[in-house]
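Chemist: There's a structure below that I have some questions on.
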Amino acid sequence: MLRVQASSCCAGLRPTLTQGWRQGLPLAPSPFRHMAAHSGSTQQELLRACAELVARGALQPIHAHWGPALGTERWRLFFEQGDAALVAALTALPGCLRLERCADDAGPAWLWAELETLDEVALTAQMAGLPTPPAARLRVPQAQPVCAASDAADGPRADPALAARLEAGLPLCAHPFADCARQLGRSERCVLSRLLRWQQRGELGGLVLTPPPARQPRPGWIALWRQPPGALDTHGADLVRDCPTPSHHGWPWALTLVTAGLTPPPGLAGAQCLRVQVLEPREQALFFQAPA
């Protein structure tokens, strides 16, 4: 839980900081004034407390949480050698959501990475900066069809300048949308109306202030099947990825299952099980920024 060490902040401020930002800032000219009214604090107290938490690394700047209608692709990459240089390069990529790296010195030095990008062209651009190309890659099947709203003429894809500004982070000030508008040479009203349309169409989940994702790896196990298994209970699995048809990118496994914990789960007949360290460097992929 985040702790605010500021005596001037009232008791209602802490829940606002730890919970309220997850629902998104009000898309209004003075969002902190709206939030302060609900917390019982003043706008100045709220801004001061947020700035302190951001400076300590306990809170991320105001940034976009994209909605499910944006229409993205999820890709899984496999590397036969996962050294420290490759791990560092992968975690620096805007689209990198998670890594699983074999943790047994006696076993293979394999590494898996999961990226979210706008499309395969964006994936190729991100991979170009890696010291080692992947041995195989898999486009993760979409659970639901992509909403056509992401192709709107005034959607985030059609306005990459504003989208990238939201991903880079807005300033902590009384009028963050006005500041963003000035940098883009637009009016605050124009920016806010566009954000509201994106939100109404499900392309933008909101502008949020959230704690950063954990940077420390956690223990887990990965189970790999080269042939589709029979009935399998995946309840409680950390990640499940299947390849229902042969991959044209050489993906060798029919099913991948990752679980958290120090001991492998039971009931994984026919699978190759390996101990891994799981790292999640991103809360959400950054779709509109160039690879680091």
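The values are calculated or read from the model by the stated rules, or taken from the named source; none is laboratory data. In this text the structure is predicted, and so the values were computed from the model without any measurement. All Cβ positions, glycine included, derive from the backbone under ideal geometry; neighbour counts span all protein chains shown. Note: areas computed on protein heavy atoms with side chains; ligands, DNA, RNA excluded. Shrake-Rupley method; radii C 1.70, N 1.55, O 1.52, S 1.80 Å.
Chemist: Would you indicate which of (1) 33; (2) 49; (3) 62 is the value of percent of Cα pairs over 27 Å apart derived from the coordinates of this structure?
Modeler: Structure-derived value, by its label: (2).
Chemist: If you stretched the chain out fully between R226 and A55, how much longer would it get, using 0.36 nm times the residue separation minus the C-alpha to C-alpha distance?
Modeler: Gain on stretching R226 to A55: 56.8 nm.
Chemist: Please give the calculated 222 nm ellipticity per residue for the chain, where each DSSP H segment of at least 4 residues contributes -39500 (n - 2.57) and the sum is spread over every residue; nearest 500 deg cm²/dmol?
Modeler: Value at 222 nm, helices only, nearest 500: -7500 deg cm²/dmol.
Chemist: Additional query: Taking the Cα centre of the chain as the origin, how large is its charge dipole in debye, to the nearest 20, when only Lys and Arg (+1) and Asp and Glu (-1) carry charge on their Cβ atoms?
Modeler: Computed about the Cα centre, the dipole is about 680 debye.
Chemist: In nm, to one decimal, how far is the S247 label point from the D83 one, both placed 7 Å along Cα→Cβ?
Modeler: The answer from the label model is 2.3 nm.
Chemist: Further question on the same structure: Be a star and scan the range 205-243 for residues whose amide nitrogen sits under 13 Å from the point 7 Å along the Cα-to-Cβ vector of A260.
Modeler: The answer is 214-221, 236-239.
Chemist: If you roll a 1.4 Å probe over the heavy atoms of the protein chains, what accessible area per residue do you get for the range 38-160, in Å²?
Modeler: Accessible surface, normalised per residue, equals 44 Å².
Chemist: Also, I was wondering about something else. Just reorder T245, T132, T256 by solvent-accessible area, largest first, 1.4 Å probe, all chains present.
Modeler: My answer, sorted largest first, is T245, T132, T256.
Chemist: For a quick check: with amide H placed at 1.01 Å from N, whose amide H comes under 5 Å from R98's, ignoring anything fewer than 5 positions away on the same chain?
Modeler: Close amide H contacts, sequence-distant or interchain: E114.
Chemist: Using amide H atoms built 1.01 Å from N in the peptide plane, name the residues 5+ places from W66, or on other chains, whose amide H lies under 5 Å from its own.
Modeler: So W66 has HN proximity to G205.
Chemist: Next question. May I ask you to evaluate 6.51 cos²θ - 1.76 cosθ + 1.60, the Karplus curve with θ = phi - 60°, for each residue of the range 59-72 and list the ³J(HN,Hα) values in order in whole Hz, giving x for glycine and proline?
Modeler: For the range 59-72, the Karplus-derived couplings read 8, 7, x, 4, 8, 6, 10, 6, x, x, 8, 5, x, 10 Hz, x marking Gly and Pro.
Chemist: Hey, another quick one. Once amide H atoms are built 1.01 Å from N in the peptide plane, which residues 5 or more positions from D238, or in another chain, come under 5 Å H to H?
Modeler: Amide H neighbours of D238: V258, T259, A260.
Chemist: Sort 65-76, 270-281 by packing, meaning the average of other beta carbons within 10 Å per residue, with the highest value first.
Modeler: Taking the mean over residues of other Cβ atoms within 10 Å, the ranking is 65-76, 270-281.
Chemist: For the range 158-292, what ratio Rg/Rh do Cα atoms give with a Kirkwood hydrodynamic radius?
Modeler: Computed over Cα atoms, the ratio is 1.14.
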